[in-house]
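Below you'll find the structure, written out as structure tokens, and then a few comments.
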Amino acid sequence: MSVHGNCRFARCKTSLDRSPRAARARVGVQGRADQAVQTSSVASTRKRIRILIADDFALFREALGEFLGDQPHCTVVGAAVDGRETLSMVARLQPDLVLMDVHMPQLNGLEAMLEIRSGSPAVRVILISFHASEYWRTASIAAGADGFILKDHLHEQLLRMIAKLFPVLVSGAANPVHDRREGP
């Protein structure tokens, strides 16, 4: 089993690749199907946080997209597989937040984040990694990341960090939306 298999988001059934929700996440369709009808009313009363996921591990991208798609304040607008594609998608999609792996092909997360900062300074960037080395956390924050989360702790920390970065947009920022898969 790869190191990615230890991550809670990576523990998905193989049917995830064929699920309609995963297909929507792969092509960047926003929100859940049951929320599609409500999208116009939600947009008129409250903006949703537009999120781009950048990670070279497909199953992780899809599982994270599914998790975020279940949150009423989040909309996954796209998913990139490397740093270069991330830059292209940031320019085209103009997300509010990029969740990006530190270790990606072609252009790593730190390098891509620096490019994002120079071209789109309003875009928030949270870097994620499986590597628990203090070096990557320190380097990420020093380079200007809005946050750094280990993938093994992403489930517990991500919604809190989003609530801190976007307190006006997240209802009940002190108590972020729970994971609906786990119940109330």
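The values are calculated or read from the model by the stated rules, or taken from the named source; none is laboratory data. This is a predicted model, so every value here is computed, not measured. Because the Cβ atoms are built from the backbone with ideal geometry, glycine has one as well, and the counts that use them run over all protein chains shown.
How about the stretch 108-148: which of its residues are among the small types (Gly, Ala, Ser) and part of a helix (DSSP H, G or I)? Let's see the steps before the verdict.
Start the filter on the stretch 108-148 by keeping residues that are among the small types (Gly, Ala, Ser), which leaves 109, 112, 118-120, 122, 129, 132-133, 139-140, 142-145, 147.
Of everything in the stretch 108-148, those that are among the small types (Gly, Ala, Ser) and part of a helix (DSSP H, G or I) turn out to be 109, 112, 118, 119, 139, 140, 142.
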Checklist outcome for this item: Output for Cβ contacts, cut-off 7 Å, separation at least six or different chains, first residue in contact (Cβ under 8 Å) with a residue 60 or more places away in the chain and charged (D, E, K, R) in the stretch 69-96, second surrounded by fewer than 22 Cβ atoms within 10 Å (Cβ to Cβ) and part of a helix (DSSP H, G or I), reads 70/180
Next on the checklist: What's the total number of residues in the stretch 51-84 that are under 20 Å from residue 165 (Cα atoms) and of a type in the set (Asp, Glu)?
Outcome noted: 1
Next on the checklist: Conditions first: (1) farther than 21 Å from residue 65 by Cα; (2) touching a Phe, Trp or Tyr at 6+ places or on another chain (Cβ under 9 Å). Residue 133 passes all but one, so which condition is the exception?
Outcome noted: (2)
Item to check | Odd one out for residue 168 among (1) surrounded by 15 or more Cβ atoms within 10 Å (Cβ to Cβ); (2) without any contact (Cβ under 8 Å) to a residue 24 or more places away in the chain; (3) closer than 18 Å to residue 95 by Cβ | outcome: (1)
Checklist entry - In the stretch 103-147, which residue that is of a type in the set (Phe, Trp, Tyr) and surrounded by 13 or more Cβ atoms within 10 Å (Cβ to Cβ) is modelled with the lowest pLDDT? => result 136
Item to check | Residues of the stretch 69-92 classified as touching a Ser or Thr at 6+ places or on another chain (Cβ under 9 Å), modelled with pLDDT of 95 or more, in a helix (DSSP H, G or I) and crowded, with 21+ Cβ neighbours inside 10 Å, total | outcome: 1
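Out of 105, 95, report the one residue that is assigned to a loop (DSSP other than H, G, I, E, B), out of contact with any Pro (no Cβ under 9 Å at 6 or more places or on another chain) and under 17 Å from residue 57 (Cα atoms).
On the way: 95 fails: under 17 Å from residue 57 (Cα atoms).
Just one listed residue meets the conditions, 105.
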